[in-house]
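Take a look at the structure below.
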Amino acid sequence: MSLLYAILDFPAVKWAFLVLALVMPLASLLTWAERRQSAMMQDRLGPNRANIGPIKLKGILHFVADALKMIFKEDFIPANVHKGLFALAPILALAPVLIAFAIIPFGPTIFPHSLREHIDTYKLATTPGAPEFADAIRLQIFQIDFGLIFYFAVLTIANYGGTIAGWASYNKWALLGGLRSSSQMMSYEVAMGLGLMPIFLAFGSLEPGRLVFEQGSQPWNWGLIGWAQFSGGLLSVVGAATLVLAFLLFFTSAIAETKRAPFDIPEGEPEIIGYFVEYSGLRFGMFFLGEFLEIVTSSAIMISIFFGGWHWGSTIDGFLTGHLPNILFVLAMFGLWTAKVFAFCSFQLLIRWSLPRFRSDQLMRLGWQRLLPISIANVVATAIVILWAQAR
């Protein structure tokens, strides 16, 4: 049995479970949800025709039909493209997004020898080597101190996919879309990184698992507000305000990172510009799916940093831990994490159909002249508040 538990705790197995059981199905369903949501907002029907016999499921089968169409559609490659880079670009757009899930904690630890018993947290803290805590399976694939830096490094590679696709297509419109993609990435990556610095200053860690643990260890300590990181009174209010601003900066930059409206400049349909205009079939499907996977990834990162990850809060978590068997507690917390991710994905879809798109110059101005100075000022303000709290 120990061998079985070691296999289940193997990073590749946990990654396969997370991606195949949750991430890919959720990203596929989002392609349907976006079309249904836009239809409701525009007072029309939306997808409702795909069926298997009498089964329609309100159009959910449309994403299955789309997948089959992309798989069997002709993969046309223009004559003058750079074939190596042309083939590599969709992989670079998709693979890094899936790799980024390695750092995300998606549930509490499973204790195989105590699945039907509630966990004594005091005993776990004082004697973690007890037999009932052996062979623990941690629901996080990759834990390392620079976890969020790893996230930025990997997601930056995904942006190379769009840039390389535009250059390798031997098409001036695709090249223009690729250039827009790279310029947008540079203007928002900086603001996104600085948006996380207040969280690092407040919690002292860039490791998502540690951040989730800290947010669940005290009441009202989610990264969005982080009351417990300050000394109380006015300092707590001001400190919480800096963390709320950090979330807004990160959230805005994350939407720009996904290249979706109102930041869909790299694939501006009204201008016949897009880094993937020469792609068809499954290669286009990889770009298309990668966009929705980025929505899931950014949502998972945001709830891990700002909304407690899989935690409800220390009081509710403690009650559930003391009254539920370990297996039910794990399932409940995994369900909560999934619900949070889905809620943020739905909110991003809502924004997609609520705001008009920016012009290219407006997009650059917002990134360099608005978000960047505000994010720098927010880092300074957070540092001042923390030093003031420590001095007291």
So is VAL237 assigned to a helix (DSSP H, G or I) and touching a residue at least 60 places away in the same chain (Cβ under 8 Å) or not?
no
Select from the range 190-221 the residues that are within 28 Å of ARG260 (Cα to Cα), open to solvent by 30 Å² or more (accessible area, probe 1.4 Å) and modelled with pLDDT under 90 and list them in ascending order.
VAL190
If only one of LEU57, LEU68, LEU61 is under 20 Å from PRO25 (Cβ atoms) and either open to solvent by less than 40 Å² (accessible area, probe 1.4 Å) or touching a Ser or Thr at 6+ places or on another chain (Cβ under 6 Å) (or both), which one is it?
LEU61
Look through PHE342, PHE329 and report the one residue that is within 25 Å of GLY216 (Cα to Cα), open to solvent by less than 40 Å² (accessible area, probe 1.4 Å) and of a type outside the set (Gly, Ala, Ser).
PHE329
Considering the range 222-234, residues that are without any contact (Cβ under 8 Å) to a residue 60 or more places away in the chain and not β-branched (Val, Ile, Thr), and then whichever is most open to solvent (accessible area, probe 1.4 Å), we arrive at LEU234
Looking at this structure, is PHE111 closer than 21 Å to VAL330 by Cα, open to solvent by less than 30 Å² (accessible area, probe 1.4 Å) and among the aromatic types (Phe, Trp, Tyr)?
yes
Residue hits (the range 176-234; over 18 Å from ILE104 (Cα atoms) and of a type in the set (Val, Ile, Thr)) are VAL190, ILE225
In this structure, does GLY161 turn out to be in contact with a helix residue (DSSP H, G or I) (Cβ under 9 Å, 6 or more places away or on another chain) and part of a loop (DSSP other than H, G, I, E, B)?
no
With the first residue restricted to the range 135-160 and required to be over 22 Å from LEU92 (Cβ atoms), and the second required to be of a type in the set (D, E, K, R) and open to solvent by 30 Å² or more (accessible area, probe 1.4 Å), Cβ contacts under 8 Å at 6 or more apart or on different chains are ASP135/ASP9; ALA136/ASP9; ILE137/ASP9; ARG138/ASP9
Test of understanding: among ILE99, ILE149, ILE103, which residue is at pLDDT 90 or above, open to solvent by 30 Å² or more (accessible area, probe 1.4 Å), within 15 Å of the chain's Cα centre (by Cα) and under 17 Å from VAL296 (Cα atoms)?
ILE99
Does LEU92 satisfy the condition of being open to solvent by 30 Å² or more (accessible area, probe 1.4 Å) and either on the phi > 0 side of the Ramachandran plot or without any contact (Cβ under 8 Å) to a residue 24 or more places away in the chain (or both)?
no
By residue number, the members of the range 352-361 that are surrounded by 14 or more Cβ atoms within 10 Å (Cβ to Cβ) and assigned to a helix (DSSP H, G or I) are ARG352, SER360
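The values are calculated or read from the model by the stated rules, or taken from the named source; none is laboratory data. The model shown is predicted, which means the values in this text are computed figures rather than measured ones. Cβ sites come from the backbone with ideal geometry, for glycine too, and all protein chains shown count toward neighbours. Accessible surface is based on the protein model in full, side chains and every heavy atom, while ligands, DNA and RNA are left aside. Shrake-Rupley method; radii C 1.70, N 1.55, O 1.52, S 1.80 Å.
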